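Below: one structure, written as structure tokens.
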Amino acid sequence: MRVFIDTPEKIAEMAAQKYVDLLRRKPNAILGGATGSTPLGLYAQLAKLCSEGKVSFKDATSFNLDEYVGLDGTHDQSYRYFMNENLFKHIDIPIERTFVPSGIDTDPATAAAYDEAIKAAGGIDMQLLGIGNNGHIGFNEPGTPFGSITHMVELTESTRTANARFFNSIDEVPTHAVTMGIKTVMNARSIILMAIGKAKAEIIKATIQGEVTPQVPASVLQLHPDVDVFLDYEAAALL
Ligand code: GLP
């Protein structure tokens, strides 16, 4: 793992540069997208670079990590909506080449087909990840087997509580989600992990310097050969 520590603004720029480099080398790259507040600075930077003609996504394809069960793409808390509003609308990627797992069709076969679609597209070149306070990546909660592919999960109370800030009340936070599995994520050729803020400091320490264990899903990234970790000073405070 290569670990970079700077301000939130600077790490957004550094992560954006990874996209610029990849898309210059491989204009039809397959990108793995993430939601949450952490990537917002990066997405704003990508939108800026794209509007300035410094990067183009016109031949790229994107597969997102996860989606809430029960929310369709028109719901303003769905991850499809989030991606459209915070990234896809502002860059030149053809919307028909952007994929988000279905939160409506929760048939296990449909979830598994998401992995097949990724494979058929050539596999993910660069997967972006945030991290949950409990170490989840995508919505792979502690205890998820490292061999898992895209599947439906029950969200932990801690995750529902953490994400309740985006809903009117915790009762509105979905209880389940569909997420790429740990194996799906680890199959990506390269990975970017981002974390911002002091609430992430402990789990970042466990992820980077702790034991590799399904109890800290992100710790599996220690086993991946090509991971860049971008942290702000607060998230890196305990390293
Ligand atoms: C959600 C998403 C994760 C994300 C995490 C952290 O639960 N499923 O992909 O990494 O939240 O979110 P934030 O970046 O807002 O801290």
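Okay, here's what the table says:
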{"quantity": "Ala164 within 15 Å of the ligand (Cβ to nearest atom), outside any loop (DSSP other than H, G, I, E, B) and surrounded by fewer than 16 Cβ atoms within 10 Å (Cβ to Cβ)", "calculated": "yes"}
{"quantity": "Leading residue by the ranking (surrounded by the fewest Cβ atoms within 10 Å (Cβ to Cβ)) among those in the stretch 18-37 that are touching a strand residue (DSSP E or B) at 6+ places or on another chain (Cβ under 8 Å) and polar (S, T, N, Q)", "calculated": "Asn28"}
{"quantity": "Per-region count, the stretch 102-127, residues under 24 Å from Asp226 (Cβ atoms) and within 16 Å of the ligand (Cβ to nearest atom)", "calculated": "4"}
{"quantity": "Condition check for Phe4: open to solvent by 10 Å² or more (accessible area, probe 1.4 Å) and over 16 Å from the mean Cα position of the chain (by Cα)", "calculated": "yes"}
{"quantity": "Residues that are in a helix (DSSP H, G or I) and under 15 Å from Gly143 (Cβ atoms), drawn from the stretch 206-222", "calculated": "Ala206, Pro217, Ala218, Ser219, Val220"}
{"quantity": "First in the stretch 190-207 and over 16 Å from Thr7 (Cβ atoms) and acidic (Asp, Glu), second anywhere and at pLDDT 95 or above and within 12 Å of the ligand (Cβ to nearest atom), Cβ under 8 Å, 6 or more apart", "calculated": "none"}
{"quantity": "Qualifying position, being at pLDDT below 95 and of a type outside the set (D, E, K, R), among Pro108, Pro39", "calculated": "Pro108"}
{"quantity": "Among the candidates Pro39, Pro27, residue that is out of contact with any helix residue (DSSP H, G or I) (no Cβ under 9 Å at 6 or more places or on another chain) and either farther than 27 Å from Thr159 by Cβ or not aliphatic (A, V, I, L, M) (or both)", "calculated": "Pro27"}
{"quantity": "Which listed residue, of Pro225, Pro145, is in a loop (DSSP other than H, G, I, E, B), more than 13 Å from the ligand (Cβ to nearest atom) and under 21 Å from Thr106 (Cβ atoms)", "calculated": "Pro145"}
{"quantity": "Residue match in the stretch 183-192 (condition: open to solvent by less than 50 Å² (accessible area, probe 1.4 Å), touching an Asp or Glu at 6+ places or on another chain (Cβ under 9 Å) and under 25 Å from His75 (Cβ atoms))", "calculated": "yes"}
{"quantity": "Qualifying positions in the stretch 167-192 - touching a helix residue (DSSP H, G or I) at 6+ places or on another chain (Cβ under 6 Å) and either in a loop (DSSP other than H, G, I, E, B) or within 26 Å of Ile118 (Cα to Cα) (or both)", "calculated": "Val173, Val178, Ile182, Thr184, Ile192"}
{"quantity": "Number of the condition not met by Leu40 [criteria: (1) open to solvent by 20 Å² or more (accessible area, probe 1.4 Å); (2) more than 12 Å from the ligand (Cβ to nearest atom); (3) under 22 Å from Ile11 (Cβ atoms)]", "calculated": "(2)"}
{"quantity": "Which numbered condition Asp6 misses (of (1) within 16 Å of the ligand (Cβ to nearest atom); (2) touching an Asp or Glu at 6+ places or on another chain (Cβ under 8 Å); (3) of a type outside the set (Gly, Ala, Ser))", "calculated": "(1)"}
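Residue by residue, here is whether (1) under 15 Å from the mean Cα position of the chain (by Cα); (2) closer than 29 Å to Ser219 by Cβ holds:
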residue: Asp66; (1), (2): yes, yes
residue: Asp72; (1), (2): no, no
residue: Ala117; (1), (2): no, yes
residue: Ala120; (1), (2): no, no
residue: Ser148; (1), (2): no, yes
residue: Val153; (1), (2): no, yes
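The values are calculated or read from the model by the stated rules, or taken from the named source; none is laboratory data. Owing to the predicted nature of the structure, the values given are computational and were not obtained by experimental measurement. In this analysis, Cβ positions are derived from the backbone assuming ideal geometry, glycine residues included, and neighbour counts consider all displayed protein chains. Quick note on the areas: whole protein, heavy atoms, side chains included, nothing else; ligands and nucleic acids left out. Shrake-Rupley method; radii C 1.70, N 1.55, O 1.52, S 1.80 Å.
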